[in-house]
Amino acid sequence: MLSLIKIFLIAVWTFICSIFAIIFIVFDRSFKLYFGLSPVYSGGILKISQVKVQKSGMENFEHDKPYIFVSNHSSQFDIPVLQYSIPNKMGMIFKKELAKIPFFGWQLKWGPYVMIDRKDFESALKSIEEAKEKISKIGMSVVVFAEGTRSKTGEVQPFKRGAFYLASRSGYPIVPVSISHSNKIMPKGGFKIKGGQIKVHFDKPIPTNHLTNKKDELELMDKVRSIIIKNMEK
């Protein structure tokens, strides 16, 4: 019963914040207000859900520069955790199905985020190019869940190349991000929200201006995955 109340309150809060987000998008094309709303929205979700976030490694990256944050993914709560934790202007690459959700999906589509069709390779490449342009134009960071989908077990699944292709195209550093225990709060396929603590660790940025080919990207992909797993085990 408590989980149903939390889900209802989250839905109401999401609707309210989506309305404000759309208004901000219309009247502020710099997206300053939109980015400012992000930690307020995510902080509200975490408070409603009785979830606390333990952050570490915040000193490892500058808070006013663009990065590509590459993270593991095992729960719906990974998104608000990162929105709440990352002080940089931050966008995400989201699946196109979300754009169909009234108000919430509309503000994603009209805002500085990047929509991707995971079933269409050519479309996915165009989305990566769009992300590169938005990073350069707005000076925002981008969060990418490198597994492509949520892990059912909480263990880090094989990575997809997209984040590293984006890094090679943009030249922006990658920050490996390790999220621990979010699957215990709300695992994939579940609707029960348990209160608790989620840990998030930010490792040091890795330069990407040396990437010249697919082999370099794949080597970096393996390196970042290993760092994320190592920091989850701490």
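Computed from the coordinates by the stated procedures, all read-outs in this text should not be read as laboratory data. Computed from a prediction, not measured in an experiment: that's the story for all the values here. With ideal geometry, Cβ positions are generated from the backbone for all residues, glycine too; neighbour counts draw on all protein chains shown.
Structure above, values below:
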{"item": "Low-density loop positions, trypsin sites (Lys or Arg not before Pro), the stretch 45-119 - DSSP coil, at most 12 other Cβ in 10 Å", "result": "LYS119"}
{"item": "Sequence-distant residues sharing a close amide H with GLY196 (under 5 Å, placed H)", "result": "VAL51, LYS52"}
{"item": "Where trypsin sites (Lys or Arg not before Pro) fall in DSSP loop in the stretch 165-206, at most 15 other Cβ within 10 Å", "result": "LYS188, LYS192, LYS194"}
{"item": "Within the stretch 2-232, percent of DSSP bridges classed antiparallel, to nearest 5", "result": "25 percent"}
{"item": "Residue-by-residue Karplus 3J(HN,Hα) for the stretch 39-49, coefficients 6.51, -1.76, 1.60, Hz, glycine and proline x", "result": "x, 5, 4, 5, x, x, 4, 5, 5, 4, 7"}
{"item": "Relative contact order (%) - the stretch 2-232, alpha-carbon pairs under 8 angstrom, separation at least six", "result": "27 percent"}
{"item": "Set LYS96/LYS199; LYS95/LYS160; LYS96/LYS132; LYS47/LYS204; LYS47/LYS126 screened for pairs whose C-alpha atoms are more than 25 Å apart", "result": "LYS96/LYS199; LYS47/LYS204; LYS47/LYS126"}
{"item": "Amide H within-cut-off set for MET90, under 5 Å, with H built and near neighbours excluded", "result": "SER141"}
{"item": "Sites excluded, GluC sites (Glu not before Pro) in DSSP loops with at most 15 other C-beta within 10 Å, longest stretch of the chain", "result": "63-154"}
{"item": "Separation of the ASP117 and THR149 label points, Cα + 7 Å toward Cβ, nm", "result": "1.9 nm"}
{"item": "Cross-link pairs LYS6/LYS230; LYS65/LYS109; LYS32/LYS52; LYS52/LYS230 - those with Cα-Cα distance over 30 Å", "result": "LYS6/LYS230"}
